[in-house]
Amino acid sequence: MAEDIYQPLDQDIHTEPMILQMGPSHPATHGTVRFTLTLDGEKVIKCDTEVGYLHRGFEKECENSTWTQVFPYTDRLNYVSPLLNNFGYALAVERLLEIEVPERCNWIRTIMGEISRLSDHLTCVGAGGLELGAMTAFLYALEGRELVWDLIEEVTGARLTVSYGRIGGVKDDLTEDFADRWAYTRGRLQEIHANTHKLLTRNRIFLDRMQGTGVLTPEMGISYGYTGPVLRSTGVDYDVRKDHPYFMYGEVDFDVPVGDTGDNYDRYLVRMEEITQSIRIIDQCLERMEPGPVNSDDPRVVLPEKEKVYNSIEGMINHFKIIFEGIQVPPGEVYSYTEAGNGELGFYIVSNGTGKPWKIHVRSPSLIMMGGLHHLIEGGLLADIIPTFDTINMIGGECDK
Amino acid sequence: MAEILLSVVKIAVIVFGFVMLVASLMTLLGDRKQSAKIQNRIGPNQARFFGFSLAGIPHFLADGIKMILKENVTPAQSNKFLHTIAPGLVFVPALVGWAVVPFMDHYCTGTVQTLPQMNYTEVCVGGEWKNYFSIMHFNSGLLFAFAIAAVSVYGAAIAGWASNSKFSLLGGLRSSAQMISYEVSMGLSLAGVLMIYGTLNLNEMVRMQGNMFGDWLPMWGVVVQPLAFFLFFLAGLAETKRAPFDLPEDESVIVAGYITEYSSMKFAMMQLSEYAATVFIAALIAVIFLGGWQVPYVYADGIRFLDNHWVPFGEDAWYWISIFLRIGAMVFKILFLVWLQFMMRWTLPRFRYDQVMTLGWKILLPLSIANLFVTALVLAIL
């Protein structure tokens, strides 16, 4: 490596490229990633991306837990939108089990998933402002995220590590006043959304920083396996929710925003528009959902009611077997994918017929996007790394697994 | 002897009583409380005196104590001598420039008369002007202020180089490139003003801004040279390295730029001098463009508006009232400009390095040259 980097540049004054270690502990490389940059002045000639500083062995950990015990681990994948991971994993196991969940459960999963997406996009847009120096935009967006997290806390009992998904259903029904609280949150979110537009979208400095930097071509996006808002910003309208509907996404009406140039500004606009679309989806869901059970009635996967556990021997044994031996998933393999905040979140699961997964592989969108990140950075300026890395929205927990 | 004593008193009052006070209060009110207001937050209120949060002032004192008590870290491979003197090299110029800033007209030992027929010029009858309200009466005050402001670039560059950190080095380079580039447009934007006033003496400049255009419009710098005002304001923002031009310490890219490797009071000095430079630029703008200590229609011998003339409270009392009014006006103008800079800091994102250079060399510089030519042409015709 040293030889090709230290080639003197063809200039009158003798200069040498400078190697700069950016990260893993650096304000811009949140989620701990390391860039080894070769700089010519402020221009980035070469970028080596190194991930893995947050590796926890998620896939191996899962092999030693029952199917249900995996849920808390999935919370820690994309920790900004843990509910989407919960539901993605639950859907994968349900496909392997070949069970159907009640309709209300699907409505709830759609609502809570979109609420998580709001949290994900608000964080990404706000953090982008912060890193460009617009701290006020960041704090406005964070207020929106706090409101969203209040809703999540009310339903799930936790703000971050929610573990709300269950195989065959969800932990609990929505609270009774959920619709009222959503009405309030919705109003505030729209104000915040409008404020963010006012602060950033037509701001000359913001436009200069975002437009034309970190450009991704559709061909490159597809060949590297990019998905989610980043791919959509290039003009490819691939959205799992639309193309392979799951939960209730086939029932509701929403648009998939696409960009056309694939630069940072388009990625920002796509995320901003997806916030509006998520609000639209939640509104429709709340309007159309009807009361009913939220858990499947399959005794193989769902715990019996407490009354049966305490008062009948069958119920007691059923409970005991599910807790201690885990849900017995028939042998087989499945690849199931959902649209998470950053793109297609896939779970490839192999079961050998016991209560624990034989193998779980996560196709995390962030890791795949980090694979091609150096193409977006090289040739730009040092300062362009910041918006590019932000709009890629790499989340350490999801990327390093 | 008495003159030396007077100078010492003036230095103490202006530098410590005003500049340092405003600069350090800005860290509290500007950077903490005002930003909190803008961002829907409460801001610091947990440090308390006997259970009272006192608008966050104890927090600011606690901050100071923390700075003093913190360990002073000098990086192992750094140049210790330069690393240590660099904060001083930044700090001293930020204060020395105040020597020429007039907070009020000279004091007249006789009586002051305003001559409407001579375009509202004030003359001192039966006495002489005594310089009590600026530290130094200097005929080329503006040049002095510029020279001093230019010196502070050494501090930042040396701090960046001496820290032996690549982030610091980038910050030091950015700051020297930025400050040198913007000094050019700063100087050229003022050339038009100089041609109109024909003096480098800051107090004389302020006096001439008391002149009236058509008996009702004060001839402030911003009135006669509106374009130069904006150019100078922008270039001044860039010169003080505050947002949106805070690239030398672009915290998301180069950690903290040239102050990355500073801690303890050395860091505090760097920070304070940045605030002091903000106040200094505000003072220069106030003096050159916003009429300095002038209050429209208020003169040392009464209030004059169109052809009317009132002398409230009698002549002697009014002279003193006008002095306080004028000092107050100067302080108010400075604080207003500082406040404006803070509002911008909390609203705008940051430029990119090449965009700052483009703005400086390709937009501000041609504009200021054009402004200079137009001013020269107009003056030649008149």
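The values are calculated or read from the model by the stated rules, or taken from the named source; none is laboratory data. Note that this is a predicted model, so its numbers are computed, not measured. Neighbour counts are summed over all protein chains in view; Cβ atoms, including those assigned to glycine, are modelled from backbone coordinates with ideal geometry. Remember, those area values only see protein heavy atoms, side chains included, never the ligands or the DNA or RNA. Shrake-Rupley method; radii C 1.70, N 1.55, O 1.52, S 1.80 Å.
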Quiz item: Expressed as an acute angle from 0 to 90° and rounded to the nearest 10, what is the orientation of the C-alpha long axis of helix B:264-289 relative to the principal long axis of chain B?
Solution: 30
Exercise. Can you send over the solvent-accessible area of residue B:353, 1.4 Å probe, protein chains only, in Å² to the nearest 10?
Key: 60
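Using only alpha-carbon positions, what ratio does the radius of gyration of the range B:285-335 give when scaled by 2.2 N^0.38 Å?
Working: Rg = 11.6 Å, N = 51, 2.2 N^0.38 = 9.8 Å.
Output field value: 1.18.
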Quiz item: Highest GNM mean-square fluctuation, chain A, Cα pairs closer than 10 Å: which of A:199, A:376, A:96?
Solution: A:199
Self-check item: Within a Gaussian network of chain B (alpha carbon springs, distance under 10 Å), most fluctuating of B:331, B:13, B:224
Solution: B:13
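Give the carbon-plus-sulfur fraction of the accessible surface of the range A:50-399 in %, rounded to a whole number; probe 1.4 Å, heavy atoms of protein chains only.
On the range A:50-399, the fraction of accessible area on carbon and sulfur atoms equals 53 percent.
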Quiz item: Over the Cα atoms of the range A:157-261, what Rg and Dmax result, in angstrom?
Solution: 18.5, 50
Quiz prompt | Loop chymotrypsin sites (Phe, Trp or Tyr not before Pro), the range B:209-302, which have at most 13 other Cβ atoms in a 10 Å radius of their Cβ (DSSP) | solution = B:216
Quiz item: About the Cα centre of the protein assembly as shown, what is the dipole size in debye to 20, counting +1 per Lys and Arg Cβ and -1 per Asp and Glu Cβ, all else neutral?
Solution: 1940
Self-check item: Cβ-based net charge around residue A:297, under 14 Å, with every Lys or Arg adding one and every Asp or Glu removing one
Solution: -1
Quiz item: Once all Cα-Cα distances of the range A:309-401 are split into 10 Å bins that start at 0, what whole-number percent is in each one?
Solution: 14, 27, 23, 17, 11, 6, 2, 0
Quiz item: When ranked by the protection proxy of mean other Cβ atoms within 10 Å per residue, highest first, what sequence do the peptides A:295-303, B:316-324 form?
Solution: A:295-303, B:316-324
Exercise. Of the listed pairs B:266/B:362; B:37/B:333; B:10/B:37, which have alpha-carbon separations greater than 29 Å here?
Key: B:266/B:362; B:10/B:37
Exercise. Show me A:279-292, A:216-229 ranked by packing, highest mean number of other Cβ atoms within 10 Å first.
Key: A:216-229, A:279-292
Quiz item: Chain pair A, B: how much accessible area is buried, both chains summed, with a 1.4 Å probe, in Å² to 100?
Solution: 2500
Quiz item: Per-residue mean of other chain beta-carbon atoms within 10 angstrom of the beta-carbon, peptide A:123-135?
Solution: 4
Quiz prompt | Separation of the residue B:199 and residue A:374 label points, Cα + 7 Å toward Cβ, nm | solution = 6.5
Self-check item: Convex hull volume per residue for chain B, taking Cα atoms only, in Å³
Solution: 167
Quiz prompt | Candidate aspartates and glutamates for bridging to residue A:60, where Cα separation is under 18 Å - those fewer than 8 sequence places away on the same chain excluded | solution = A:75, A:333, A:398, A:400
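Would you please put A:131-137, B:136-142 in order of how densely packed they are, using the mean number of other Cβ atoms within 10 angstrom per residue and starting with the highest? All intermediate terms of the calculation are to be shown ahead of the outcome.
Working: A:131-137: 25.4, B:136-142: 17.7.
Taking the mean over residues of other Cβ atoms within 10 Å, the ranking is A:131-137, B:136-142.
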Quiz item: Of all GluC sites (Glu not before Pro) in the range A:300-342, which ones are in loop regions per DSSP and have a Cβ with at most 13 other Cβ atoms within 10 Å?
Solution: A:305
Self-check item: Förster radius 35 Å - calculated FRET efficiency between residue B:216 and residue B:339, Cβ distance, rounded to 0.05
Solution: 0.80
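With the other protein chains left in place, how much accessible area per residue, in square angstrom, belongs to the range B:77-381 at a 1.4 angstrom probe? Could you put the intermediate results ahead of the total?
Details: 11710 Å² over 305 residues.
Dividing the accessible area of the range B:77-381 by its residue count gives 38 Å².
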Quiz item: Over the range A:108-224, how many percent of alpha carbon pairs lie in each 10 Å bin up to the one with the longest distance?
Solution: 12, 35, 27, 20, 5, 0
Quiz prompt | Pairs from B:33/B:70; B:33/B:80; A:306/A:401; A:46/B:80 whose Cα-Cα separation, in the structure shown, is over 29 Å | solution = B:33/B:80; A:306/A:401; A:46/B:80
Practice problem: Take peptide B:251-262, look around each residue's Cβ out to 10 angstrom, count Cβ atoms belonging to other protein chains, and average those counts. | Solution: 4
Quiz prompt | Across A:321/A:356; B:66/B:241; A:171/A:359, pairs whose alpha-carbon gap is larger than 22 Å | solution = B:66/B:241; A:171/A:359
Quiz item: Around residue A:344, which amide H atoms from residues at least 5 apart in sequence, or from another chain, sit under 5 Å from its own amide H, with H modelled in the peptide plane?
Solution: A:227, A:228
Quiz item: Just by accessible area at a 1.4 angstrom probe, what is the order of A:191, B:261, B:239 from largest to smallest?
Solution: A:191, B:261, B:239
Exercise. Grab the DSSP H runs of chain B that are 4 residues or longer, score each as -39,500 (n - 2.57), total them, divide by all residues and round the 222 nm result to the nearest 500 deg cm²/dmol.
Key: -18000 deg cm²/dmol
Practice problem: Among B:351, A:326, A:381, pick out the residue whose Cα is farthest towards the positive end of the charge dipole of the protein assembly as shown, where Lys and Arg carry +1 and Asp and Glu carry -1 on C-beta, about the Cα centre. | Solution: B:351
Practice problem: Express in % the proportion of alpha carbon pairs of the protein assembly as shown at distances exceeding 35 Å. | Solution: 58
Quiz prompt | Options A:337, A:360, B:123, ranked by Cα towards positive dipole end of the protein assembly as shown, top entry (Cβ charges) | solution = B:123
Quiz item: Taking R0 as 30 Å, what's the FRET efficiency between residue B:53 and residue A:146 from their Cβ-Cβ distance, rounded to 0.05?
Solution: 0.80
Self-check item: Inter-site label distance for residue A:243 and residue B:20 at 7 Å from Cα along Cβ, in nm
Solution: 6.6
Quiz prompt | Spread of Cα-to-Cα distances over 20 Å intervals beginning at zero, given as percent, for the range A:50-399 | solution = 31, 56, 13, 1
Quiz prompt | Peptide-level mean, for A:21-27, of C-beta atoms on other protein chains within 10 Å | solution = 3
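Hey, got the dipole for chain A? About the Cα centre, +1 on K and R Cβ, -1 on D and E Cβ, debye to the nearest 20? Walk me through the numbers on the way to the answer.
On the way: 36 positive and 61 negative charges, 133 e Å.
Dipole of chain A, to the nearest 20 debye: 640 debye.
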